[in-house]
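To start, the structure under review is shown below, and the notes come after it.
No lab work stands behind these numbers, since they all come straight from the coordinates. These numbers come from a predicted model, not from an experiment. All Cβ positions, glycine included, derive from the backbone under ideal geometry; neighbour counts span all protein chains shown.
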Amino acid sequence: MLVAGNWKMYKGPAETRAFAAAFSPPEGVEAVICPPFVSLAGAVEAGLTVFAQNVHWEDEGAFTGEVSAPMLREVGVVGAIVGHSERRQYFGETDETVARRAAHALEAGLRVIACVGELEEERDRGETEEVLRRQLSVLDPHPALVIAYEPVWAIGTGKTATPEQAEEAHAFVKSLLDAPVLYGGSVKPENAEELLSRPGVDGALVGGASLDPDSFASICATAARIRS
Ligand code: PEP
């Protein structure tokens with residue numbers, strides 16, 4: 001099982017060092033941290049397994065504000081998230097740019113967590129599968145590609161998909177693309193067990209609850225227990 005902590009725009013280098021000193025990942029689970037760019041190198045130096053929160057599709061060039069896969073690899077980063085709903089919602093990320101980022105990162109030797117998921121109104125209109133099909137249609141299978149199913153209405157809202165909704169969506173994703181699928185959306189120590197124990201749930205992408213070393217360790221420990 002893979003449990004990834006997306007720190008979003010939280011924790012500079014000093015807070016990252018403090019987290020690393022307090023966090024000990026349990027055996028039997030792969031715990032990954034995704035800090036902001038300025039904290040990546042420090043997180044690697046502190047011994048964490050580190051993914052970036054985004055990655056560009058060129059190795060270098062006139063792309064202000066972007067970071068490339070070779071640059072990430074140079075500081076010891078081993079993977080990247082692409083297509084997080086906050087990137088899609090606030091920064092103009094599209095299925096096409098997500099596809100380019102994912103393909104280039106994989107080619108450059110990074111692992112990739114590609115995020116997909118429907119808006120609340122899309123679920124209400126019965127369009128969840130259509131949205132997932134569209135978002136996944138631009139991604140090619142790859143041994144280092146992991147999908148994160150993150151219903152947008154459950155991210156940072158405290159609303160979680162029911163275990164049945166998660167199981168159903170994961171099965172649908174797997175029917176389209178052969179890849180491990182993480183669940184994301186308000187995963188916490190209190191609900192980790194019911195979500196992670198469902199068939200087809202291969203781990204979690206955790207936002208808010210990954211900022212605290214004890215709560216993130218608790219979710220990782222649940223994942224390890226379920227798969228042991
Ligand atoms: C996320 O950032 O991918 C996420 C799922 O956030 P949260 O756990 O806070 O809902």
Part-to-part distance (alpha-carbon centres) for the range 115-193 and the range 66-80, which is given in Å: 26
Assigned charges on the beta-carbon of Lys, Arg, Asp, Glu; the range 72-228 dipole about Cα centre (debye): 460
Environment charge of residue 210, counting only residues whose C-beta is closer than 13 Å and scoring Lys/Arg +1, Asp/Glu -1: 0
Residues with amide H under 5 Å from that of residue 67, placed H, sequence gap 5 or more: 56
Highest average packing first - 40-52, 88-100, Cβ atoms within 10 Å: 40-52, 88-100
For residue 81, distant residues with modelled amide H under 5 Å away: 52, 53, 54, 113
Ellipticity estimate at 222 nm from DSSP helix runs (n ≥ 4, -39,500 (n - 2.57)) divided over the chain, nearest 500: -11000 deg cm²/dmol
Mean Cα-pair separation over length for the range 139-228, i.e. relative contact order, pairs under 8 Å, 6 or more apart, %: 29
Eligible lysines near residue 174 by straight Cα distance, threshold 26 Å, same-chain separation 8 or greater: 159, 188
For the chain, built as a Gaussian network whose Cα springs stay under 10 Å, the top-fluctuating residue of 33, 155, 113: 155
11 Å beta-carbon shell around residue 149, net charge (K/R +1, D/E -1): -4
Karplus (6.51, -1.76, 1.60) ³J(HN,Hα), θ = phi - 60°, over the range 120-129, in Hz, Gly and Pro reported as x: 4, 5, 5, 4, 4, 7, x, 9, 3, 5
Global form of the range 132-186, assessed from the alpha-carbon gyration tensor, a/c cut-off 1.5: prolate
The range 9-62-the range 197-216 distance, computed between alpha-carbon centres (Å): 16
Of 105, 83, 94, farthest towards positive along the dipole that unit charges on Lys, Arg, Asp, Glu beta carbons give the range 73-228: 105
Computed over the chain: relative contact order in percent, which uses C-alpha pairs under 8 Å that are six or more apart: 22
Dmax and Rg, reported as Rg then Dmax, of the range 1-158 (C-alpha, Å): 15.8, 47
In Hz, Karplus ³J(HN,Hα) per residue of the range 35-43 (6.51, -1.76, 1.60; θ = phi - 60°; x = Gly, Pro): x, x, 3, 5, 9, 4, 4, x, 5
